[in-house]
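Participant: Below is the structure I would like to discuss, written out as structure tokens.
What follows is calculated from the coordinates using simple rules that are stated; it is not laboratory data. Since the model is a prediction, treat every value here as computed from it, not as a measurement. Neighbour counts are summed over all protein chains in view; Cβ atoms, including those assigned to glycine, are modelled from backbone coordinates with ideal geometry.
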């Protein structure tokens, strides 16, 4: 972790504390709450909240000024667009940044009884991009969002200039404690007390942020409101056809692909990147970068490095193997 990132995490100001509290009140899920808790507000390139009807969903999304090529940032399971917001504002100087709430999450439409697995969400993502008339985009997906982005890119390669998979679901990886917990019937995204909140924080953060009692209470209340959807969606993405949705689609990716993984990721083992690299066609440009000093959320724990990788990759640069 470089000096700037250590300084970002070390210095806590009153305005940042207020931002954390407000984010905890309005955020819908734990990862977004904790993501906002570590974020430092940016004002040079603010993102505007917009909405658009696409297919069966009214999508809520952040959008920046059109300062360059389109960069679409897709969040993961039990999260929302807030997790990308701070990095998105920073990248707004160089890109036309778009950060949606996936259908069912955040402020986008959730339809009772509908399917929100990887394939269904990839189809909805196609509707969203068509509604915005976005082409030749740099598509970035994190965790479950990585599986969705990868499936979409395999199905609609003509719309994607470059694909970035950040700690992506959808690829085979070495079984870890997280998977063993799921296989045992546990759901680590469900909690009812501070111990549960802190357990989830340790699952996704290398250095979990401190949370006040009020922030913890807000997180628990939000989790309870979301519980049935979290449980049903987790069940929908657990079959191998969804959990490993990218394994058999890697050969269909015709654009340059970058895999970014945190060495200490407790959710998606770093071995997923090896699966990605081995599965890409021989004539494809595939790079993988391993980040030190982060767990499952590099956009928050390693924002400078993550932002630089996205910028350099979009520019066609050769990237280091580790940072």
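Participant: Distance between the C-alpha centers of the stretch 154-179 and the stretch 268-321? Whole Å please.
Facilitator: 11 Å
Participant: Something else about it: Neighbour counts of other C-beta atoms within 10 Å: give me 210, 299 arranged from fewest to most. List each step's numbers first, then the result.
Facilitator: On the way: 210 9, 299 27.
Lowest count first: 210, 299.
Participant: How would 294, 262 line up from fewest to most surrounding beta-carbon atoms within 10 angstrom? Working shown, then result.
Facilitator: Working: 294 28, 262 24.
Exposure proxy ranking, most exposed first: 262, 294.
Participant: Could you list the residues of the stretch 76-100 with an amide nitrogen less than 18 Å from a label point located 7 Å from the Cα of residue 304 in the Cα-to-C-beta direction?
Facilitator: Within reach of a label on residue 304, which here means backbone N under 18 Å from a point 7 Å along Cα→Cβ, the stretch 76-100 contributes 86-93.
Participant: Past the 18 angstrom mark, what percentage of all C-alpha to C-alpha distances in the stretch 88-191 do you count?
Facilitator: On the way: 3032 of 5356 pairs.
Of the Cα pairs, 57 percent sit more than 18 Å apart.
Participant: Tell me the Kirkwood radius of the stretch 234-323: reciprocal of the mean inverse pair distance over distinct alpha-carbon atoms, in Å.
Facilitator: Values: mean 1/r = 0.0710 Å⁻¹.
Result for the stretch 234-323, one decimal place: 14.1 Å.
Participant: Right, next: Work out how much length residue 198 to residue 133 would gain on full extension: take 0.36 nm times their residue separation and subtract the Cα-Cα distance, in nm to one decimal.
Facilitator: Details: separation 65, 0.36 × 65 = 23.40 nm, distance 4.12 nm.
The span from residue 198 to residue 133 would gain 19.3 nm if fully extended.
Participant: Would you mind putting 189-196, 70-77 in packing order, based on average other-beta-carbon counts within 10 Å, highest first?
Facilitator: Numbers: 189-196: 15.4, 70-77: 25.4.
Ranking the peptides 189-196, 70-77 by packing returns 70-77, 189-196.
Participant: Moving to a separate point now. With a Förster radius of 25 Å, plug the Cβ-Cβ distance of residue 51 and residue 161 into 1/(1 + (r/R0)^6) and report the FRET value to the nearest 0.05.
Facilitator: The pair residue 51/residue 161 has a calculated efficiency of 0.45.
Participant: For the chain, state the average projected area of the convex hull of the C-alpha atoms over all orientations, rounded to one decimal in nm². Walk me through the intermediate numbers first.
Facilitator: Numbers: hull surface 58.1 nm².
Average of the hull's projected areas for the chain equals 14.5 nm².
Participant: Now a separate question. For the stretch 87-132 and the stretch 191-262, what is the separation of their C-alpha centers, rounded to whole Å?
Facilitator: After rounding, the separation between the Cα centres reads 16 Å.
Participant: Give me the Kirkwood hydrodynamic radius of the stretch 154-250 in Å, from all C-alpha pairs, to one decimal place?
Facilitator: Working: mean 1/r = 0.0631 Å⁻¹.
One decimal place: 15.8 Å for the Kirkwood radius.
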